[in-house]
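Nothing in this text is a laboratory measurement; each read-out follows from the coordinates by a stated rule. Only a predicted model underlies this, so the values are computations on that prediction, with no experimental measurement involved. All Cβ positions, glycine included, derive from the backbone under ideal geometry; neighbour counts span all protein chains shown.
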Amino acid sequence: MVAGLALERVLLTATRDGLTASFLNQPLEHDDLRRAVQRATGKEGFAHMIIRFGHSPVAAATPRRPVSEFVDPGPQKPQ
């Protein structure tokens, strides 16, 4: 839980500062790359995730359906 909260704080801080983040997990599935990451960090154990931070162009927002199209409010109480 503490790790999740720390990650949330890092991602929100990066967003506030105009950065984007992407997660790279697939390279860690290869033994040689996993060992290279371990050597680069100088830490014991193995990394579970690589996070890349950077600037990216702002993309157009994805159109969203109105909530009423997919949420059923359930039975209405008579007034």
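If you filter the stretch 33-79 down to residues that are in a loop (DSSP other than H, G, I, E, B) and aromatic (Phe, Trp, Tyr), you find that the one that is surrounded by the fewest Cβ atoms within 10 Å (Cβ to Cβ) is Phe70.
For the stretch 41-67, the set of residues classified as under 20 Å from Ala3 (Cβ atoms) and either aromatic (Phe, Trp, Tyr) or over 15 Å from the mean Cα position of the chain (by Cα) (or both) consists of Thr41, Gly42, Lys43, Glu44, Gly45, Phe46, Ala47, Phe53, listed by residue number.
With respect to the stated conditions, Thr20 is in contact (Cβ under 8 Å) with a residue 12 or more places away in the chain and either surrounded by 10 or more Cβ atoms within 10 Å (Cβ to Cβ) or closer than 25 Å to Arg9 by Cβ (or both).
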